[in-house]
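Participant: My questions will all concern the structure given below.
The values are calculated or read from the model by the stated rules, or taken from the named source; none is laboratory data. The model shown is predicted, which means the values in this text are computed figures rather than measured ones. Methodologically, a virtual Cβ is constructed for each residue, glycine included, from the backbone with ideal geometry; neighbour enumeration extends over all protein chains shown. When the accessible area is computed, the model is the full protein with side chains, heavy atoms only, and any ligands, DNA or RNA have been set aside. Shrake-Rupley method; radii C 1.70, N 1.55, O 1.52, S 1.80 Å.
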Amino acid sequence: MNWLACKNPAWVQANDFSFSGLHNPGNTGNPFGSAVTPVTVAQIPGLNTLGISMVRIDYAPWGVVAPHYHPRATEILTVIEGSLEVGFVTSNPDNRLISKTLQKGDVFVFPIGLVHFQRNIGHMNVVAISGLSSQNPGVSTIANVVFGSKPDISTDILAKAFQVDKNIVQQIQWRF
């Protein structure tokens, strides 16, 4: 399920089922203006095979969590402080944007495998908590997947897919 062996029950301790730190704001001093603090099986070994995890997300004013998807989890997000614009895009052929502005206490669901995003639409910091339906949800940020693959996806393929000149594709790939 997540490539982690189960721990021998005789060796289990309380620390295998706890995490401290969600009260600490993440560092939003990056180009996105956001920080994600994960609480997955990597942080709590006791989550192994339980099918749940969570994250704290901090957003600076106008900070974003870039378009991404979770290949193994549905996400449910709750705004703890502030206002967020959130949304996801349905799959082909419709590719409909489903979006909403959330306030403190509001909840929004991102279905498994669909591209979604969040953006702080205010001048104050925002805090949100998300629950995920996997102990190891994974995350694929669209720009990183498309332009940051190793080795690179051929510039011919990306130029045709995005209907842009190959030089533009190369410039974007060099940033990753």
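Participant: For the condition among the β-branched types (Val, Ile, Thr), open to solvent by less than 60 Å² (accessible area, probe 1.4 Å) and either touching a Cys at 6+ places or on another chain (Cβ under 8 Å) or under 27 Å from Thr28 (Cβ atoms) (or both), what is the one hit in Val169, Val139, Val146?
Facilitator: Just one listed residue meets the conditions, Val146.
Participant: Residues in the stretch 13-29 that are free of Cβ contacts under 8 Å to residues at least 40 places away in the same chain, part of a loop (DSSP other than H, G, I, E, B) and either open to solvent by less than 60 Å² (accessible area, probe 1.4 Å) or among the polar types (S, T, N, Q) (or both): how many?
Facilitator: The qualifying residues number 7.
Each row is one residue, and each column tells you yes or no for (1) farther than 14 Å from Ser34 by Cβ; (2) acidic (Asp, Glu); (3) surrounded by fewer than 18 Cβ atoms within 10 Å (Cβ to Cβ).
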residue	(1), (2), (3)
Leu77	no, no, no
Gly82	no, no, no
Leu97	yes, no, yes
Asp106	yes, yes, yes
Asn120	no, no, no
Asn125	no, no, yes
Ala128	no, no, no
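Participant: Would you pick out the residues in the stretch 155-166 that are among the polar types (S, T, N, Q) and open to solvent by less than 50 Å² (accessible area, probe 1.4 Å)?
Facilitator: Thr155
Participant: Let me confirm something: among Val139, Val115, Val145, Val109, which residue is under 28 Å from Glu75 (Cβ atoms), touching a His at 6+ places or on another chain (Cβ under 9 Å), free of Cβ contacts under 8 Å to residues at least 40 places away in the same chain and not acidic (Asp, Glu)?
Facilitator: When all the criteria are applied, what remains is Val145.
Participant: Which pairs do you get when a residue that is closer than 20 Å to Pro25 by Cα, found in the stretch 62-89, comes within reach of a residue that is acidic (Asp, Glu) and modelled with pLDDT of 95 or more, reach meaning Cβ atoms under 7 angstrom, with the pair 6+ apart or on two chains?
Facilitator: Val79/Asp106
Participant: Then there is this: Determine whether Leu84 is under 18 Å from Val64 (Cβ atoms), under 18 Å from the mean Cα position of the chain (by Cα) and at pLDDT 95 or above. Full working, then the answer.
Facilitator: On the way: under 18 Å from Val64 (Cβ atoms): yes; under 18 Å from the mean Cα position of the chain (by Cα): yes; at pLDDT 95 or above: yes.
Against the criterion (under 18 Å from Val64 (Cβ atoms), under 18 Å from the mean Cα position of the chain (by Cα) and at pLDDT 95 or above), Leu84 qualifies.
Participant: Being small (Gly, Ala, Ser), within 14 Å of the chain's Cα centre (by Cα) and either within 26 Å of Ser53 (Cα to Cα) or open to solvent by less than 60 Å² (accessible area, probe 1.4 Å) (or both) is the requirement here; does Ser133 meet it?
Facilitator: In short, yes.
Participant: What number of residues within the stretch 30-70 are open to solvent by 70 Å² or more (accessible area, probe 1.4 Å), part of a loop (DSSP other than H, G, I, E, B) and on the phi < 0 side of the Ramachandran plot? Lay out the reasoning, then the answer.
Facilitator: Of the stretch 30-70, the ones open to solvent by 70 Å² or more (accessible area, probe 1.4 Å) are 31-32, 36, 42, 49-50, 52, 62.
Cutting the leftovers down to part of a loop (DSSP other than H, G, I, E, B) gives us 31-32, 42, 49-50, 52, 62.
Next, from what is left, pick out any that are on the phi < 0 side of the Ramachandran plot: 31-32, 42, 50, 52.
The qualifying residues number 5.
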